[in-house]
Amino acid sequence: MTASQPPSGPRGSARTRVAVVFGGTSSEHSISCLTAAGVVGALDHERYEVIGIGITRSGRWVAMESEAIADLQVLGGQLPELSEDAAEAVLVRVAAGSELAVRHQAAFAQRTPVDVAIAVLHGPFGEDGTIQGLFEMMGTRYVGAGVLASAVGMDKHFMKLVLAASGLPVGPFVVISPADWARDPVAALDAASALPFPVFVKPARGGSSLGISKVDEPQDLEAAVRAAQAYDPKVIIEQGFVGARELECGVLAALDGGPPQASELAEIRVQTESGFYDFDAKYLPEEQVRLDVPADVDPELAVQVQKLAVRTFEAIGCEGLARVDVFVTPEERVVVNEINTMPGFTPHSMFPRMWAASGVPYPELLDRLISLALQRPVGLR
Ligand SMILES: Nc1ncnc2c1ncn2[C@@H]1O[C@H](COP(=O)(O)OP(=O)(O)O)[C@@H](O)[C@H]1O
Ligand SMILES: [Mg+2]
């Protein structure tokens, strides 16, 4: 693949103005800051002008200079966090699309047109269709999945319904909605106990393994449900795949409108105390996890997983990019675990690593995603 040249300066300016939106109110705030630092560090500054938009933990929008974004790193084991003090910023709808207005003292004086936005936000209010809806309302072109695909990809319950209806393999599960729990928690726990154990109890719209527990015995179910409810009032309980291999595949939309492409696979091998790919294994390097990129799998299985990844991408109506994660059972059955419409995207994350192993290095990946976003029309498509 060759580097794709985005049409520079869609508004006649020398460089394409890319709004990098990051941080956010979800529990993955810090991870998003790390991703933003990686993206800003890799964008070719000759061709792109970065417009930094941070969303603080409290939800305020603030203007961020590129240099300040690049400084968001893990320091002394501490994950980065946005300061609440920076200058307030808002997106404004104008005839040609949108502009970012930054407040100076009492007035929103400085305005910068935005050519394209990339929201490197994970979790609810970022990866779930909400910010995509805001971009739609503002006439802003943006990278990645639209409103519906983002929402479906985020919600592990609706994701499974859509995939199952499309004839794609997903595991057995039970959902406990906030209404179910309020009406009859005992009945809700009984329904979940009917699944074979171990089970995985998860916030339905979570990420980074936060709030997830592996539960071996029915008597531990309630505590796990309450732990998941701390992240999301809606909880999903899934049958655990014991002894399964965990594989991941990157999917990218094609610039020429052809079918989406699948990357080389990655395999996650964990020996964590929790027994699964938990938060520490994902972000703290000293944990017991081995990541094989590319995965050592036989070619037939690789093709099967790649095809399934593309079909999953298409089933939810995804755009731009996604990472599809699957389990391969000891009987060699392949089951979709989840699709992430804004996968971890630091230069060291699995999605960029899988594409690097497939011949698309990180800066080129960004070029391609930005070109795809500039190419597509705003509005219904
Ligand atoms: N049904 C399952 N069977 C076996 N392991 C699971 C199951 N569901 C999740 N896991 C383990 O938990 C990890 C996190 O679950 P996942 O659904 O991917 O949540 P997240 O969206 O937070 O990444 C997975 O990477 C895997 O190691
Ligand atoms: Mg996952």
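The values are calculated or read from the model by the stated rules, or taken from the named source; none is laboratory data. Since this is a predicted model, take the numbers as computed values, not measurements. Don't worry about glycine lacking a Cβ; one is built from the backbone with ideal geometry, like all the others, and counts go over all protein chains shown. The protein model used for the area step is the full one, side chains on, heavy atoms only, and it has no ligands, DNA or RNA in it. Shrake-Rupley method; radii C 1.70, N 1.55, O 1.52, S 1.80 Å.
List of remarks:
Okay, residues lined up against (1) touching a helix residue (DSSP H, G or I) at 6+ places or on another chain (Cβ under 8 Å); (2) part of a loop (DSSP other than H, G, I, E, B); (3) modelled with pLDDT of 90 or more:
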site	(1), (2), (3)
ALA63	no, no, yes
LEU72	yes, yes, yes
LEU82	yes, yes, yes
ARG93	yes, no, yes
PHE125	yes, yes, no
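- Extreme residue, surrounded by the fewest Cβ atoms within 10 Å (Cβ to Cβ), among residues of the range 323-381 that are of a type in the set (Gly, Ala, Ser) and within 16 Å of ligand 2 (Cβ to nearest atom): SER349
- Residue in the range 294-302 that is open to solvent by less than 40 Å² (accessible area, probe 1.4 Å), in contact (Cβ under 8 Å) with a residue 40 or more places away in the chain and more than 26 Å from LEU161 (Cβ to Cβ) present: yes
- Close pairs from the range 56-81: first more than 19 Å from GLY41 (Cα to Cα), partner in a loop (DSSP other than H, G, I, E, B) and not basic (Lys, Arg), Cβ under 6 Å, at least 6 apart: THR56/LEU82; THR56/GLU84; GLY59/THR25; VAL62/ALA86
- Scan of the range 115-150 for residues that are crowded, with 22+ Cβ neighbours inside 10 Å and farther than 26 Å from GLU88 by Cα, ordered by number: ALA145, ALA149, SER150
- Evaluated against (1) over 20 Å from GLY240 (Cβ atoms); (2) polar (S, T, N, Q); (3) more than 15 Å from ligand 2 (Cβ to nearest atom), GLN271 falls short on exactly one condition, (1).
- Test: residue in the range 104-114 that is touching a helix residue (DSSP H, G or I) at 6+ places or on another chain (Cβ under 8 Å) and surrounded by 18 or more Cβ atoms within 10 Å (Cβ to Cβ): no
- When the test is whether a residue is at pLDDT 90 or above and closer than 25 Å to GLN132 by Cβ, GLY59 passes it.
- Given (1) under 25 Å from VAL324 (Cα atoms); (2) over 20 Å from the mean Cα position of the chain (by Cα); (3) in contact (Cβ under 8 Å) with a residue 24 or more places away in the chain, index of the condition ASP256 fails: (3)
- Residues (farther than 15 Å from ASP220 by Cβ, among the hydrophobic types (A, V, I, L, M, F, W, C) and free of Cβ contacts under 8 Å to residues at least 40 places away in the same chain) located in the range 189-206: ALA191, ALA194
- Filtering the range 104-158 to residues that are hydroxyl-bearing (Ser, Thr, Tyr) and over 14 Å from GLY379 (Cα atoms) leaves THR112, THR130, SER150.
- Criterion (in contact (Cβ under 8 Å) with a residue 24 or more places away in the chain, under 14 Å from MET159 (Cβ atoms) and open to solvent by 30 Å² or more (accessible area, probe 1.4 Å)) met by exactly one of GLY317, GLY275: GLY317
- Under the condition of being farther than 24 Å from VAL242 by Cα and in contact with a Pro (Cβ under 9 Å, 6 or more places away or on another chain), the residues counted in the range 155-178 number 2.
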